[in-house]
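What follows is a single structure, written as structure tokens, with notes after it.
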Amino acid sequence: MAALLVEESIYNLIPRVPYKPFKGPRYVSKLNPYVKHTIQQSKSQWKTMGPAKVHVPSPKDFLQKHSKEPKLPKRKKDQAGKKPVKLSVPHRTDHPVMGVRSQKNFINTNAANVIMGVAKKPVPLSVDRYQGDKFLLETSGLIPRYLKKKDYGITPEYVIRRNEEAKRAQEAYDAYVKKTLQDRAMKRLSDEEREELLDGLKKNWEQVHQAFQSLSVEIDTLPKKLNKERLELQMKQLEHDINTIEKHKVIYIANK
């Protein structure tokens, strides 16, 4: 049925040559030998399976008695000639000296030691329960132990040292604050400096006024107009400063 549905055409009468796509040569990387060499170096031989051939021990090399015990070095000649150190413990063949008797009277000696000796003082104890549990009285806290110390009530040295350091630090801080306030304090202008400043302002005003009078009568350009405004502002500021200084006889200058 599919063959009948194909439309008739003259081009279908000519046999067609099957199309074969062009296949280029296979790509081979230039770095292939280098990569193989790097991979071969990174591999570890016998990592899981062990070596290919294992050396089998010979039947003649069997384990012998005392073969694994550590062997001591040979004794030197100098040590062989020395005599061994004699021990303080008597030998089993030694016999004690018999028949030696002491002339000391131990009974009289002990009695004299007891008579002449100082009686031992009993240790002060404290009992806190009716069963008779005893504790040292000195460490129990029932006696004024620390009140009787030689250094009781005396300030420790570390406290004195710390107080001195704090005092020195406070003095240094006070000196720094005082110096800062002195640097920032306002300075009074003397009469000579005030007169000198006033004369300088007046001279400046005269110079600006002379420059102002030297201007042309006709101001028809922008630069001339700006120059005139600048001179007027300078004269106005100088007049204001001169009036302020003449009005106040005492002047203070603030330090920035």
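Things worth noting here:
- Percent carbon-and-sulfur accessible area, the chain, ignoring ligands, DNA and RNA, probe 1.4 Å: 58 percent
- Computed with a 1.4 Å probe over protein heavy atoms only, the accessible surface of the stretch 64-144 comes to 114 Å² per residue.
- Across the stretch 136-256, the relative contact order, built from alpha-carbon pairs under 8 Å that are at least six residues apart, equals 37 percent.
- The alpha-carbon positions of the stretch 51-151 define a convex hull whose volume is 769 Å³ per residue.
- Residue with peak Gaussian network fluctuation, the chain [Cα springs, cutoff 10 Å], from 30, 104, 228: 30
- Selection from 48, 131, 117 lying farthest towards where the dipole of the stretch 1-135 points positive, charges on Cβ: 117
- Debye, to nearest 20: dipole size of the stretch 72-209, +1 on Lys, Arg Cβ, -1 on Asp, Glu Cβ: 2480 debye
- Gaussian network model of the chain, Cα within-10 Å springs - most flexible of 52, 169, 185: 52
- Selection from 198, 158, 213, by position along the positive dipole direction of the stretch 139-256 (Cβ): 158
- Distance violations [Cα-Cα > 30 Å] among 203/224; 203/225; 228/249; 203/228; 179/249; 120/148: 228/249
- [x] 1.85; [y] 3.34; [z] 0.97, with the label sought being that of the calculated Cα Rg over 2.2 N^0.38 Å: [y]
- Here the Karplus relation 6.51 cos²θ - 1.76 cosθ + 1.60, evaluated at θ = phi - 60°, turns the backbone of the stretch 116-126 into coupling constants of 7, x, 7, 5, 6, 7, x, 6, x, 10, 10 Hz, with x for every Gly and Pro.
- Accessible surface, the stretch 169-223, averaged per residue in Å² (probe 1.4 Å): 87 Å²
- For the chain, the mean residue ellipticity at 222 nm estimated from helices alone is -14000 deg cm²/dmol, where every DSSP H run of n ≥ 4 contributes -39500 (n - 2.57) and the total is divided by all residues, rounded to the nearest 500.
The values are calculated or read from the model by the stated rules, or taken from the named source; none is laboratory data. Because the structure is predicted, anything quoted here is derived from the model rather than measured. Glycine also receives a Cβ, built like all others from the backbone with ideal geometry; neighbour counts cover every protein chain displayed. Side chains are part of the model used for accessible areas, which takes the heavy atoms of the whole protein and leaves out ligands, DNA and RNA. Shrake-Rupley method; radii C 1.70, N 1.55, O 1.52, S 1.80 Å.
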